[in-house]
Amino acid sequence: MPVTLSYPGVYVEEIPSGVRTITGVATSITAFIGRAAQGATDTDPDGPVTIFSYGDYERNFGALDPNYPMGYAVRDFYLNGGSQAIIVRLYKGDASTAKAQLAIANLPLEAASAGTWGNKLRVRIDSQGSPDVAAQYGLAAADLFNMTVRNMTTGAQESFLNLSVKESPRRVDRVLLANSSLIRVAASLSLPATAVPAVMPNNPPQGSTVWDQDGTSSGVTGQAVDSAGLDRTTYDGDENAKTGMYALKKTDLFNLLCIPADVRGGETESAVYQDALALCVARRAMLIVDPPLAWSSASKVDLPSLNLSSISARNAAVFFPRVIESDPARQSQLDTFVPCGIVAGIMARTDSQRGVWKAPAGLDASLNGVQGLSTVLTDDENGLLNPIGVNCLRSFPLSGPVVWGSRTLRGADLLADDYKYIPVRRLALYIEESLFRGTQWVVFEPNDNPLWAQIRLNVGAFMQNLFRQGAFQGKTPTDAYFVKCDSETTTQNDINLGIVNIVVGFAPLKPAEFVVIQLQQMAGQIQT
């Protein structure tokens, strides 16, 4: 009704339709956890960092380096069809005191992030400030200076014009904090490393207009330190402070989690995987587990050694064996790498081409960038591993290396788990996350039949859309899914407690693992 019917005439009122479209969430945002040469760490306000290409990774965290295997996993992810990734750079030690320090007259500077990469930074200062800019901000031309920063290793260069140490929109510490990926004004000892210094020098810095190549005047004065090798404590961090793997709590969404080995030829501790699995369950994500080094052949595969056998293991999958690739950082020499980044990329590629309900395996799930497999498996060996939930990487003539398994760590035949298959589990997680986000509007609405009808309408429309895309079994919507929200699911006692119950069911598609062909001869036509 209109607010007040006070005069004779026509009143126009807009009535809401009750349609609140539920949008499906992303399905293949992949998080990587490990060390890197540079970039924001898990303790920095800027971390974790979201990237959309391997070029983004190199700009933020440095080029391929054999000392940091995470970079290779990220490269494999993008080679195999990945699109969006979240990078958590861990640093064992105090990252705030491990940054290269640069002496520029009276203006102390430091590298933007911890690591010895900052030792190659060089700075050039000149005093050619613009009088017009100075007048605009109420400053003298002598108060302005220009700064150029160069990474002498990569050639990356940044230039900043008309900076000042005086209070103004061009105050140097604020400009560098907002716009530079290489350098910062060093914070005072009484402030956190990321804080804006409380006191700036009175006079602008006086520098040289030529590059300092030997590090004497505008080069590094304090040597930076790289991270030590990671351990479980560093991986775990502090859940309350959102450090370590819990830095992912700062992100809105991730669907896949990869934790490459910290060192080349090493492996990630099973205890780290256990902690990460709990995080994945809480965030409705899948953990991709790399095979331990001891799994050098099919006969040495020991699944219980992973200690990932609880019901939470529905959210994890292991892929065996490791892969052989060329290393551009070592003159393209062949070496063995973990497959987690490749598998995550294939999942992303399959999602975009076929949908999250399609198993990321088969002849189309080729391993791009791979020269071979560390262990060549036969059909019999594959038949030994598949029934216990180990996904094999196989190589076939013409097709090359492919993913040849799609089971979760609860995929053993003896367990008979509802979420035996990766696509079934990932589809369920996709529906859960989409409905979780798409039904937030329900909170605090009047809990009665009109609300229940709206819920059925909107959730039903979302499920119908999935049915039309071929995500479920069944020829009709009734065979494929159901949505219930009425007086049967929500009793009067539930209403009194402020609860509305929504029951959603779906008939998942399951992959055809075994193809059986029966062949017989036809008897000749006998005249009778």
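Readers should treat all values here as calculations from the given coordinates under stated rules, not as data from a laboratory. Being a predicted model, the structure only gives us computed values, none of them experimental. Quick reminder, even Gly has a Cβ in these numbers, built from the backbone with ideal geometry, and neighbours come from all protein chains shown.
Given R₀ = 30 Å, FRET efficiency for THR336-VAL515 by Cβ-Cβ distance, to 0.05?
On the way: r = 32 Å, r/R0 = 1.07.
Approximately 0.40, to the nearest 0.05.
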Ordered by packing density, taken as the mean number of other Cβ atoms within 10 Å over each peptide's residues, highest first, how do 501-508, 416-423 rank? 416-423, 501-508
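Summing Lys, Arg as +1 and Asp, Glu as -1, what charge do residues with Cβ under 13 Å from the Cβ of ALA428 carry, ALA428 excluded?
Values: positive: ARG284, ARG314, ARG410, LYS420, ARG425, ARG426, LYS510; negative: ASP417, ASP418, GLU432, GLU433.
Result for the neighbourhood of ALA428: +3.
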For helix 340-353, report the angle its Cα long axis makes with the longest principal axis of the Cα atoms of the chain; keep it between 0 and 90° and round to the nearest 10°. 60
Could you pull out the pairs from LYS300/LYS420; LYS250/LYS420; LYS99/LYS249; LYS358/LYS510 whose alpha carbons sit more than 20 Å apart here? LYS300/LYS420; LYS250/LYS420; LYS99/LYS249
Could you tell me the largest-minus-smallest coordinate of the C-alpha atoms of the stretch 43-195 on each of the three principal axes, in descending order and whole angstroms? 55, 32, 26
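Counting Lys and Arg as +1 and Asp and Glu as -1, what is the net charge of the other residues whose Cβ lies under 13 Å from the Cβ of ASN146? Don't jump to the answer; show the numbers that get you there.
Details: positive: ARG124, ARG170; negative: ASP126, ASP143, GLU158.
With Lys, Arg at +1 and Asp, Glu at -1, the neighbours total -1.
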Mean separation of Cα contacts under 8 Å, 6 or more apart, over the residue count of the stretch 1-142: relative contact order %: 23
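How big is the Rg/Rh ratio for the stretch 1-115, C-alpha atoms only, Rh by Kirkwood, two decimals?
Working: Rg = 25.4 Å, Rh = 18.1 Å.
Computed over Cα atoms, the ratio is 1.40.
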Contour minus Cα-Cα span, ASP479 to SER180, at 0.36 nm per residue, comes to 102.0 nm
What list of ³J(HN,Hα) couplings, whole Hz, do you get for the stretch 59-71 from phi and the Karplus terms 6.51, -1.76, 1.60, once you set θ to phi - 60° and write x for glycine and proline? 5, 8, 10, x, 6, 4, 9, x, 6, 10, x, 4, x
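Can you give the local net charge around GLY383? Use residues other than it whose beta-carbon is closer than 15 angstrom to its beta-carbon, Lys and Arg +1, Asp and Glu -1.
Numbers: positive: ARG394, ARG407; negative: ASP379, ASP380, GLU381, ASP413, GLU513.
Once all neighbours under 15 Å are counted, the net charge is -3.
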Convex hull around the C-alpha positions of the stretch 390-528: the volume in Å³ per residue is 248
Estimated FRET transfer efficiency (ASP327, ALA416; beta-carbon r; R0 45 Å; 0.05): 0.60
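If you scale each eigenvalue of the Cα gyration tensor by 5 and take the root, what three semi-axes come out for the stretch 230-330, rounded to whole angstrom and sorted largest first? Please list the in-between numbers first.
Working: eigenvalues 115, 62, 33 Å².
After diagonalising the Cα gyration tensor, the semi-axes are 24, 18, 13 Å.
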Tell me, how many Å apart are the Cα centres for the stretch 48-102 and for the stretch 336-415? 25
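Share of antiparallel DSSP beta bridges in the chain, in percent to the nearest 5? Don't skip to the answer; put the middle values down first.
On the way: 44 of 63 bridges.
Counting only bridges with both partners in the chain, antiparallel ones make up about 70 percent.
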Considering Cα pairs under 8 angstrom that are at least six residues apart, work out the relative contact order of the chain and quote it in whole percent. 14
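If the viscosity is 1.306 mPa s and the temperature 10 °C, what translational diffusion coefficient in µm²/s does Stokes-Einstein give for the chain when Rh comes from Kirkwood over Cα pairs? Write out the running numbers ahead of the final one.
Values: Rh = 26.9 Å.
This corresponds to a translational diffusion coefficient of 59 µm²/s.
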